[in-house]
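Worksheet for the structure shown next.
Values in this text are rule-based calculations from the coordinates and carry no lab data. Only a predicted model underlies this, so the values are computations on that prediction, with no experimental measurement involved. Using ideal geometry, Cβ is built from the backbone for each residue, glycine included, and neighbour counts are taken over all protein chains shown.
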Amino acid sequence: MPKKETLIWTCLALADRTELFYSFSHKDDAIFTDETIDEISECLALQETIGKPGRIDGTKEIPISDDIVLVFDQVKKQIRILRILFAKALLK
């Protein structure tokens, strides 16, 4: 069985996830996107080599969709989900 790293969600990432969930006008889209985020974050715990270099040194990014990006870093044996950026935040 693959080695599993500790997965930690920062307060900002949890707030981003909640805001993203409630930004959808259709409940099914919100649930699908939230489940996708959950699946990708669990993959990170098993395989931290996924993702591309982030916009800030020391971070990595995984696109969830065309306008949603999961930002994370790794500190020792911990994968930290730092933010979930979506269209509104990516345009700033």
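Looking only at the range 4-48, which residues are surrounded by 13 or more Cβ atoms within 10 Å (Cβ to Cβ) and among the hydroxyl-bearing types (Ser, Thr, Tyr)?
Correct list: Thr10, Ser23, Thr33, Thr36, Ser41.
Among the residues of the range 59-73, is there at least one that is of a type in the set (Phe, Trp, Tyr) and in contact (Cβ under 8 Å) with a residue 60 or more places away in the chain?
For the range 59-73, residues of a type in the set (Phe, Trp, Tyr) and in contact (Cβ under 8 Å) with a residue 60 or more places away in the chain: absent.
Scan the range 66-82 residue by residue and report those that are surrounded by 12 or more Cβ atoms within 10 Å (Cβ to Cβ) and either farther than 16 Å from Leu14 by Cα or not acidic (Asp, Glu) (or both).
Hits for the range 66-82 are Asp67, Ile68, Val69, Leu70, Val71, Phe72, Gln74, Gln78, Ile79, Arg80, Ile81, Leu82.
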